Amino acid sequence: MDNLMARVVKKIQQRQTQFYQVVYSETHNAPEIQVLIDNANVDVMTTPLSFLRDLYQLNDHNDWVKWVMKGFEYDIQFRFEVSDEVSRFIPIKMIRDWPLLFVVDAKRPVYSLEGHVVSRGGIAQLPDQSVVVLLHNQSLTSEAADLVRSKDIQLQVRNDAECIWQK
């Protein structure tokens, strides 16, 4: 019994450090469920806007959406690589509330902070070269603005929290 427990613990520990990368394609099926069983971290490369719309709307006619939703059940840490242009259309609710990380050009994680005033502390917790999505009614303190410059953080200011397909 101890041998079985040791093997199970080893498999769980191994899974936590394993990464799987997949290129999204509308013409190919989503990966098998086994990927979710074997890996705790999944990178979805070249994520198009059409897929993000389907995911946001939980379109169960899209096999990739069903696969990601199943991944949530397996506690998968998803990382979606998007272009700078696509990042401007990601719903703020997805950035803030969904268990996903969006990354622009494979290196700049996307965040959105809450509150009318974003302080130095909110910016300090973010990695250098992040992308921060702000609403037009949010402002930065002067210390936060200085830190944005020193950490090479890109700001995206949006008119409202709704995305174009919600209207």
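The values are calculated or read from the model by the stated rules, or taken from the named source; none is laboratory data. None of these values were measured; they are calculated from a predicted model. All Cβ positions, glycine included, derive from the backbone under ideal geometry; neighbour counts span all protein chains shown. Calculation scope for accessible area: heavy atoms of the full protein, side chains included, ligands and nucleic acids excluded. Shrake-Rupley method; radii C 1.70, N 1.55, O 1.52, S 1.80 Å.
In segment 69-136, which chymotrypsin sites (Phe, Trp or Tyr not before Pro) are in a loop and have at most 11 other Cβ atoms within 10 Å, using DSSP for the loop call?
none
In segment 1-38, which chymotrypsin sites (Phe, Trp or Tyr not before Pro) fall in coil by DSSP and have 11 or fewer other Cβ atoms within 10 Å?
Sparse-neighbourhood loop chymotrypsin sites (Phe, Trp or Tyr not before Pro): none present.
Counting only protein heavy atoms and using a 1.4 Å probe, what share of the accessible area of segment 79-167 belongs to carbon plus sulfur, as a whole percent? Let's see the in-between values first.
Numbers: 2270 of 4580 Å².
Percent of accessible area from carbon and sulfur atoms in segment 79-167: 50.
Mind giving me the FRET efficiency for residue 57 and residue 2? R0 is 45 Å, r the Cβ-Cβ distance, nearest 0.05 is fine. If you can, show how the numbers build up before the last one.
Values: r = 48 Å, r/R0 = 1.07.
For residue 57 and residue 2, the calculated efficiency is 0.40.
Which of the trypsin sites (Lys or Arg not before Pro) across segment 80-111 are loop residues per DSSP, with 12 or fewer other Cβ within 10 Å? List each step's numbers first, then the result.
Values: sites: 88, 93, 96, 107; in loops: 88, 107.
Those that pass, being in a loop and sparsely packed, are 107.
Where only protein heavy atoms count, and the probe is 1.4 Å, what is the accessible area per residue for the chain in Å²?
For the chain, the solvent-accessible area averages 57 Å² per residue.
List the DSSP H helices in the chain whose Cα atoms stretch 30 Å or more along the helix axis and whose mean Kyte-Doolittle hydropathy is at least 1.6.
Membrane-span-like by this rule: not one helix.
Using the basic label-point model (7 angstrom from Cα toward the beta carbon), what is the residue 9 to residue 141 distance in nanometres?
About 4.5 nm, to one decimal.
Count charges around residue 138 for me, please; just the other residues with Cβ under 10 Å from its Cβ, Lys/Arg as +1, Asp/Glu as -1.
Residues near residue 138 contribute 0 overall.
Using a 10 Å Cβ count of at most 15 others and DSSP loop calls, identify the longest part of the chain lacking such GluC sites (Glu not before Pro).
Working: sites that count: 26, 32, 114, 162.
With GluC sites (Glu not before Pro) excluded where exposed in loops, the chain gives 33-113 as its longest stretch.
Percent antiparallel among DSSP beta bridges with both residues in the chain, to the nearest 5?
Values: 2 of 26 bridges.
Antiparallel: roughly 10 percent of the beta bridges in the chain.
Under a Cβ-Cβ cut-off of 13 Å, what is the net charge of the residues other than residue 87 that fall near it, where Lys and Arg count +1 and Asp and Glu count -1?
Counting the neighbours of residue 87, the net charge comes to 0.
Below 10 angstrom from the Cβ of residue 64, what's the summed charge of the other residues (Lys, Arg +1; Asp, Glu -1)?
-2
Along Cα→Cβ, 7 Å out, is where each label goes; now give me the distance between the ones at residue 152 and residue 21 in nm to one decimal.
2.0 nm
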